[in-house]
Structure formats: C-alpha cells, structure tokens
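J.: The structure follows.
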C-alpha cells in the first residue's frame, strides 16, 4: 500500500476510532446478534440480517483503519524537502489568480480545501511538491488552467 500521510491529530483520531470499533462496537454488535438469534429462524430474521450487515461494515472499517495506520507517516509541521523544496507538511504562499493565497499540503485524510488544507494527491498538491521559492507552476483545475508563482515555503 502507498504511504499515507497523517497529522498527529488525525492519527490519534483514527487510533481512537479503531480502539472503539474493536472493543465497544464489537461488543454492542455481538449483543445485538445474540438478541436477534433469540427470535428464532435466522433465515427470515430481519434483525439478525441487519446486525450481520453492521458487523461486516464494522469489520471492514477495522481492516481499513489498520491498513491506514500501518502505512502512515506522521507529517511534520513546516516540513521542507531537500534544499527548501515543498514537501508534505509545507505551508506554501503563492501569487496567482485572485492575489496571494496560502496552502498547507497534507495527506488526503487531513485535507480540507475550504480551509486551504490541500491533499498531496490533489492536482494542486502534486504540482507544488518538490518546487522551490520563485518557481512558477501551472495546474489544470476544474476551473481551467491556473498559474501560480511560489512566494514562500514554511
């Protein structure tokens, strides 16, 4: 699996969700299955079928969380690559359409474009990675071709 970038906060959040699903939710689902079995014939038992679907969804999410956390790399705030290059964790100021904008490049699980927290996998994130101050970047976005000049990297 590819490397997954997470902030410390997102890693803690996902670990807490994993623990809750492995303990509390498994227990609750087990109790629900037990109650549903007491209603008799399982082939026509809607409560049992629903509980089994919930159990499957929970187990799939547990596997997903284990996979994410198993391949996670924690983002260092203000990360810079070699020789001041933009890296995951960098805060980037650019000039472009509409003036100066600031973006922070994070992993896809932490991104929030409305807050200018962009994913390293997004077209904009990919275009900025590895670039340096003063470089110009062209990015094809849903709004069309955008041109940015990198002003600063933190």
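J.: Pick from 54, 86, 74: which is most flexible by mean-square fluctuation in a GNM of the chain where alpha carbon atoms under 10 Å apart are linked?
T.: In the Gaussian network model the winner is 54.
J.: Give the angle, between 0 and 90 degrees and rounded to the nearest 10, that separates the Cα long axis of helix 26-37 from the longest principal axis of the Cα atoms of the chain.
T.: 30
J.: Hey, another quick one. To the nearest 10 degrees, how steep is helix 8-20 against the longest Cα principal axis of the chain, on a 0 to 90 scale?
T.: The answer is roughly 10 degrees.
J.: Given a cut-off of under 8 Å on Cα pairs at least six residues apart, what relative contact order in percent is computed for the chain? Don't skip to the end; give the middle numbers.
T.: On the way: 243 pairs, mean separation 34.4, N = 154.
The value is 22 percent.
J.: Let me ask another. Evaluate the relative contact order of the range 4-74 (contact order divided by residue number), counting alpha-carbon pairs under 8 angstrom at least 6 apart; express in whole percent.
T.: Computed over the range 4-74, the figure is 56 percent.
J.: Which one, (1) 0.93; (2) 1.02; (3) 1.21, gives Rg/Rh (Cα atoms, Kirkwood Rh) as derived from the coordinates shown?
T.: Correct label is (3).
J.: Taking springs between alpha-carbon atoms closer than 10 angstrom, which of 76, 37, 91 fluctuates most in the Gaussian network model of the chain?
T.: Taking springs between Cα atoms under 10 Å, the residue moving most is 37.
J.: Identify which of 20, 41, 112 has the largest mean-square fluctuation in a Gaussian network model of the chain, with springs joining Cα atoms closer than 10 Å.
T.: Among 20, 41, 112, the largest mean-square fluctuation in the Gaussian network model of the chain belongs to 41.
J.: Report, in degrees rounded to the nearest 10, the 0 to 90 angle that the Cα long axis of helix 46-70 makes with the longest principal axis of the chain.
T.: 40
J.: By counting other Cβ atoms within 10 Å of each Cβ, how are 122, 43, 67 ranked from fewest to most?
T.: Values: 122 17, 43 7, 67 12.
With the sparsest Cβ surroundings first, the list reads 43, 67, 122.
Coordinate-derived values only; no laboratory data. Predicted, not measured: the structure shown is a model, and the values here were computed from it. Neighbour counts run over all protein chains shown; Cβ positions are idealised from the backbone, glycine included.
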